[in-house]
Amino acid sequence: MSPSPGDGAPPSQDSKVVGGLASVFKGLAGAAKLTKSSPTVAQSSGPPIVHSGIAEQLNSMAIPQAYALPPQHVALFEQLKDGTINERVAAANSLRTVVANYPHNPVLGIWHAAKDLIEASNPTATRVAGWELLAECVKHPSSSDLERKEYFQTISTLVDSDDFHLQLVALVNLSDHGRNMSGFDYDLFPLLSTWLRSSFSMVRAARAMAKRQGQRSKSKSVITKEQKDFTDLFAFVADAIKFNSVLADDAAAEALVDALLEICLLTNNSDDMRACSGILDAIITFGVLPGNKLKQCVEILSSIHCLVPDAQKRAWNTIRILCQSHNGQATVRLLLETLSSAGADEDRKHDLRHIRGALSILKKLVSKSSEKGYPPIPYAILVDGLSKVVEATSSWKVYLDILKLSNALFCDSRGGVNAMLVDEDWTSIFDIAGACSAGAVTYLAKSSQNIASPLSQEDNDQPEAMIIKELLELVSQVENTVNQPGPLIQKQDCISFFTKVHPAIPDSAAMLVLNYYKEFRCCFPSDARWKMNLDLVVGAFFKDRNRSTDVRLQALHVVTEVYDMLELINDEAEPEFALNLVKRLLVGVTEEMDITVLQEIVSFAVSVATTTSLLMFCYITDTLTGIVGGNRSHIAIPSPQNPSVTSSASNLPASQTPADVVTKGFVQIFLRVMNVDVSKAVYLFKTLVSIVKLNNATDARLTAMKLLFRLRADWANRIFITTHTETNSLATALHRTEAAMARKLSEEVPPQPRLSRTEASSSSRSTRALKLADRASHVSWIAKNLFTDVDGSQVLDEKAQTSIDFMQRVAYADVDESAADPLFTSSRFGDIQQKRWLIGNSIVTIEQAVTSGWARITKRQPSGTSSFTICESLRPPPAHQQPLDDSARDSNSNTVAAAAAGSSTNSVLPNHLLVQLLSSMPQYNDMSRPVPLPDNDAVDRAIRVFDRNSTLDGHKVGVIYIGENQVDEVEILANVSGSSDYVEFLNGLGTLTKLKGATFDLQGLDRVYGMDGEYTFCWRDRVTELVFHVTTQMPTNLENDPRCNQKKQHIGNDYVNIIFNDSGFPFKFDTFPSEFNYVYIVITPESRASFVATRQRTPKDVEDSFYKVQVMSKPGFPEISPASETKIVSLKALPAFIRLLALNASFFSHVWANRDGGEHISSWGNRLREINRLRENYGPKTTPQGPPASSPPGTAHNHGNAGIGSQLDISRAGGTVRDSLGSLSIRRSSVATFFTSSSEQNSHRSSILSTASTDNTEVMPPTAADVLVESLDFSRWA
């Protein structure tokens, strides 16, 4: 043991000197008496007092020589004792190092020699040297408990407040950071309590001084020396509790907790609060919190958790540890008692602080699971406490905390409802939440703002906005709970809560309320609160224009159901209630700007006005009329996109005006009442007329006009409404529709310099409409447009070739197709030989009677077949004429002709007639040179196939009659008769033709067994043939064919159908489902009359009747007729007009049907292709070289090497082509004129050569296309 120093008193004379330091311990016998009191902060500046007991014990000990100072340091020790102040300070600093490096030295003696250096009267440097030496001495490992006690007494005496940090360092070193407290076991914690208070006082003073001097930064105070000492003290206290908390008795623990709580109450620094919470953590964790201090701790910590955000986390951590300890239940009980005793504390501020703290901690606790060691919270006691808080205070901050706690109840750590609420009644907690938010909800309702308005600004710290935000969170949690699948026993409580705070709930929650009211009929008289609920629906949801369209529509649906129920039960107790309900809905309707809601209001008003009294009808009409005349009635309002609530507004246009919505409602009312209540109809008629006379609201005026224009009177002068109006046709005629305007603009575009080939083809067909003498003069213009393009280049087209072929046949004749003479037989004319040739685009067959000179010529062209029987007049030879050699002639003495001529020596072959009729010049051109066809089976078959191709374009069109009130397909197809107008129409449409034995194409109708009836109507001209599939002409057998499939198989496959609609309803395109029905031509009487009435009409009435005609096309089918807009036609002109529409539609439908698989080939095109196939098979394979030859201008097709393309070799050099074409132009003859004599042809060629103009000295060379057209103009040489 090292010797202990005394207190500086003179040594006793009885002491025995031991070694060199014996005299140091002689004064210990005169030390002060030992006391048991706790050390206190000494206010005296004198040296510390040493206990006499310690001195006596140290006096009796011997000091071994080994513990003496090294010789080199003895002088320092003597200097420390007897030197000047500066020498002592220097010696103290040097010995501090010696003590640290040499553990075996007289530490206590060194300290006794230097202890007066720490006196307050000394300079700072002196005190610092003394304290630093002491801090090093106390770390000596061999110090006894008595020595450590003496050190502790010295350290615990406060000499100067400026040296507190030095004292703290010495104490920390002495206790080894709280780990070793031997020698002063029970004295440390009382000292720490004292030091905490004194250090806090110094820190407060330093902070106040810094604040006065402006040394505070924007976010945090400047750290002073006192602050650092205070922080270090907290750290040391925490270490001491952690390692030696068992040494703190109840009194010391209470004193320490009091000091900590006192600091928490007095400080406003979050660092202090966190530090105090940390000490309390250590006490609870490593020690025992005094029971009488639990309440104060809970109150203070909960207040910190609520009011100090920076210290919130540390405060919660302390309470968490407390709740998970054996004090958990007591902590919860204290928190609930704080709520239950709300208002008992006279200090209102103190009371609110504790209440808010308790609410803050309870909010955290309810979100925690009891499985983690947290104590459960009794729901009933909690709700009771919250109720008392609401009654005792009006603080919005408390209300906000209660709402936060309520939110925690409905959203636990798993996001669901807290387990404590599952089987409880939620009415109380909802009442509490409603009471807390009542002021904010009232403010929101009075402000006439939507819910998002108070929350629209960021960081909005207004009390009402904060409460509304928390309330919305609660509403959202409850809404999610209600929407969870499965039953919810508290659903009614949730709906009731929503109704109490209805101004603040979102639209989704409002929809829950309305759906609940609708499902459980809460607004029906069967509910005790039905009137209150109904008032809520009308006032809070329907009348609130800040609500969404869906919410308002749903509210209106609820009200309308109630009205319907009241009307059904005919409530006699309150007969005016239903009418007053209607009036409530119409109040303020003139200001309604939601077009969808207005539509539903008007729809409801329509249903009410139809059945209500005239007085109420006038009230509804007048109220809605106010919308039409309002200032905003003409403003177009967009309709909502996809409203979720089903309504009649789903068919609204993109935007319309309120006036138009109301006018459409008036139209609906008028349609309903015109046949049941004259007074209402007249009143509404006048209203509609007044709307028409307005200067604004154009769309409303048009709506009214559309109805007024549909008013009609039938044959008995009864007023009715037509199913559709002709105003669209009128608008089209005036170019007031988009489609009509587009057509008008297209018509104003300058025409192209040439017709399209289709138009040219139509022109050639219409040539027959000209007088016979005038037709030839138009050939040149038509041919030019058929075979030249807009740029003047040559065009080869199959339709053009068949068109020019047809023009050749009809330009100089207007006759029917000829047939072969059946009397031209070998039995009458003797031996007949047959020969066939291809000449141009025709097949010429000559059947020649060998001896008589008679011949039958058949010319098959694409557009028709002509047959001629001719005879060459052979004069009898004179008697002196020498007969030919018998072996050179063919004799047939058995023929009738030979008998008539006696012994005739004439013999003629078919080739002779062909050579005589054609030009006598050599035929060098392949196209113009006749191609002989062999007499074999293949050619015979080809000719038969050719003859089976009709020369007419055949078309089929269905005719269907729809009787009165008929809409069903089977009912319509079962008709076997129609009205007199229908019969009159059929008679003009075509000719009644017997089916059995017919020789033409019946387009699928049975001509053998009569399955499709006995007769049908047909029509044809020289080009086209129409067969009508008339359903009323076909037999009906509903027993064997209940679906009328026999009729449906015809009209279902017809591209075009004519509908004679006497049903009184608009015709729907899908009445007869079919993939092939492209066009319906619908005929509807302009003035409606019953079936019986039509039978009673006179012929004059029938003649004066008019019909509406409209062409309806399948979706995706082009608009092909001007009759797509309704036309009005008299019955007299109706058949021809309909026939023309049907024919054009059928033509186009054939082309349309083949648009994917290729082009539509006409009958003429098929015949032309057959001719070209024969040319490909039997014509020359190579074009012979030689001079151009005279040839008839045949019409060619561009297949293979045949046709005009091969006749005009455009690939040759320009000069050669022009020479060739020029020679062709003067060497042409026509197959169509092969009956013309040779002299006429020569004369024609001469006339062509003489037509050249002599006025111009320069002639531009003709182009290939010009020469081609020149060669095709048969009118110049025919």
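The values are calculated or read from the model by the stated rules, or taken from the named source; none is laboratory data. If you're wondering where the values come from, they're calculated on a predicted model, not measured in any experiment. Neighbour counts run over all protein chains shown; Cβ positions are idealised from the backbone, glycine included. What goes into the accessible areas is simple: the full protein's heavy atoms, side chains included, and nothing from ligands, DNA or RNA. Shrake-Rupley method; radii C 1.70, N 1.55, O 1.52, S 1.80 Å.
Things to note:
- When the C-alpha to C-alpha distance is required to be over 22 Å, the pairs from 543/583; 664/686; 784/859 that qualify are 784/859.
- Peptide ranges 1140-1148, 514-522 listed from the most packed, as the mean C-beta count within 10 angstrom indicates: 1140-1148, 514-522
- The residues packed around residue 856, meaning those with a beta-carbon under 10 Å from its beta-carbon, carry a net charge of -2 if Lys and Arg are +1 and Asp and Glu are -1.
- Total lysine pairs in segment 169-252 at Cα distances under 20 Å, for residues eight or more apart or on different chains: 5.
- Set of lysines near residue 1132 by C-alpha distance (under 21 Å), chain-local residues within fewer than 8 positions excluded: 1100, 1108
- Mean-position separation - Cα centroids, segment 401-420 and segment 1123-1152, in angstrom: 76
- Environment charge at residue 165 (Cβ cut-off 10 Å; Lys +1, Arg +1, Asp -1, Glu -1): -3
- Residue pairs, from the table 295/349; 1048/1127; 115/149, whose Cα atoms sit over 21 Å apart: 1048/1127
- Sorted peptide list for 402-413, 202-213, 800-811, criterion being average Cβ within 10 angstrom, highest first: 800-811, 402-413, 202-213
- Charge context of residue 1056, other residues only, Cβ under 13 angstrom, K/R +1, D/E -1: +2
- Total lysine pairs whose alpha carbons fall under 15 Å of each other in segment 356-420 (8 or more apart, or interchain): 5
- Separation between Cα centres of segment 963-1030 and segment 258-314, rounded to whole Å: 106
- From the alpha carbon centroid of segment 86-122 to that of segment 513-551 is 92 Å.
- Here's the picture: charge each Lys and Arg Cβ at +1 and each Asp and Glu Cβ at -1 in segment 796-843, and of 808, 825, 839 the one pushed furthest to the positive end of that dipole is 825.
- Within the assembled protein chains, the solvent-accessible surface assigned to residue 1034 is about 10 Å², based on a 1.4 Å probe.
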